[in-house]
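Right, one structure below, let's go through it.
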Amino acid sequence: MSLPEKKRRRYTYADYCKWDDGKRYELIDGEAYAMAAPSRTHQKIIGELHGQLWQFLKDKPCEVYVAPFDVLLNAAGDDDDDVFQPDILVVCDEAKLDEKGCNGVPDMVVEILSPSSLKHDKFLKFNKYQRAGVREYWIVDPDSKTVQAHILENGRYFVTSYSEVDTIPVNVLEGCKISLSDVFPE
C-alpha cells in the first residue's frame with residue numbers, strides 16, 4: 001500500500017510498515033515526511049563518519065548503523081507515531097536492536113544537514129532527541145564544514161561547535177575521536 005493522500009493526519013509505525021511506494025519516510029508526531037535522496041557530498045560525509053566510528057567500535061559492544069535504519073524512540077512498536085531514520089546512529093544496548101532497527105533511544109545520533117532536512121534536524125528532531133534522552137546528537141553542516149556536538153546533561157543539550165580542522169571527542173564512546181579534516185577534505 002502506498003502512502004495515501006493526506007486523508008488522515010496521524011500515522012503509526014503499523015501504517016508506515018505497509019507503505020510500499022519505494023520512497024523513504026519519517027514519522028514525526030504521526031505526520032509522514034518524505035525523505036529526499038542524499039547528495040553525493042552528503043553520502044561522502046556519512047561514509048567517512050561511519051568508517052571512523054565503525055573502525056573504533058570493531059570488537060566492542062556498541063554498534064554503528066547508517067540510514068535507512070528505523071528508530072522508534074518511544075519503543076511503542078506498532079503504535080509508535082515517531083519513526084526516524086538518522087544518517088548515523090550508535091547503539092550500545094543490543095536489546096534495543098532487531099532486524100528492522102532500533103526500538104528505543106540510541107546512544108548517539110548524527111544528522112547531516114541538507115536543504116530539505118534543515119528544519120527537521122535543527123528543531124523537530126533536536127527536541128525529540130533531547131526529550132527522549134539521546135545522549136549525544138551531532139548536526140553536521142556540509143556547507144560551513146562544521147559540526148555541532150550536543151551533549152545531554154540533566155535533560156538538556158549543551159553544544160560545542162567544531163570546524164573542519166578539529167578533532168571531536170565522542171562523549172558516549174570513551175577514547176573515540178573523529179578527525180574532521182578527513183570528513184571535510186579540501
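All of the numbers you see were taken from the coordinates with simple rules; none came from a lab. Computed from a predicted model, the values in this text were never measured in an experiment. Methodologically, a virtual Cβ is constructed for each residue, glycine included, from the backbone with ideal geometry; neighbour enumeration extends over all protein chains shown.
Between Asp93 and Lys44, what is the label-to-label distance in nm when each label sits 7 Å out along the Cα-to-Cβ direction?
Result: 3.8 nm between the two label points.
Within the range 70-135, report the GluC sites (Glu not before Pro) that DSSP leaves as loop and that have at most 14 other Cβ atoms within 10 Å.
Details: sites: Glu94, Glu99, Glu111; in loops: Glu99.
In loop regions of the range 70-135 (DSSP not H, G, I, E or B), the sparsely surrounded GluC sites (Glu not before Pro) are Glu99.
Starting from the Cα gyration tensor of the chain, take the square roots of the eigenvalues, sort them a ≥ b ≥ c, and report rounded, prolate or oblate (rounded when a/c is under 1.5, otherwise prolate if a/b is larger than b/c, else oblate). Don't jump to the answer; show the numbers that get you there.
Values: a/c = 1.75, a/b = 1.47, b/c = 1.19.
Verdict is prolate for the chain.
Put a dot 7 Å past each Cα toward the Cβ at Glu153 and Arg10; how far apart are the dots in nm?
The modelled label-to-label distance comes out at 3.7 nm.
Between the DSSP loop rule and a limit of at most 16 other Cβ atoms within 10 Å, which trypsin sites (Lys or Arg not before Pro) in the range 1-92 are left? Could you put the intermediate results ahead of the total?
On the way: sites: Lys6, Lys7, Arg8, Arg9, Arg10, Lys18, Lys23, Arg24, Arg40, Lys44, Lys58; in loops: Lys6, Lys7, Arg8, Arg9, Arg10, Lys23, Lys58.
Passing sites in the range 1-92 are Lys6, Lys7, Arg8, Arg9, Arg10, Lys23, Lys58.
Applying the Karplus parametrisation 6.51 cos²θ - 1.76 cosθ + 1.60 with θ = phi - 60° to the phi angles of the range 139-146, what ³J(HN,Hα) value in whole Hz is obtained for each residue in order, glycine and proline being reported as x?
Values, residue by residue: 10, 9, 10, x, 5, 8, 6, 10 Hz.
For the cross-link pairs Lys23/Lys128; Lys18/Lys145; Lys44/Lys96; Lys44/Lys177; Lys60/Lys119, which exceed 26 Å when the distance is taken from alpha carbon to alpha carbon? Mind showing how you got there, number by number?
On the way: Lys23/Lys128 23 Å; Lys18/Lys145 38 Å; Lys44/Lys96 28 Å; Lys44/Lys177 18 Å; Lys60/Lys119 34 Å.
Violating the 26 Å Cα-Cα cut-off are Lys18/Lys145; Lys44/Lys96; Lys60/Lys119.
Taking the simple approach of a point 7 Å from Cα along Cα-to-Cβ for both Val165 and Asp20, what is their distance in nm?
Spacing of the two 7 Å Cα→Cβ label points: 5.5 nm.
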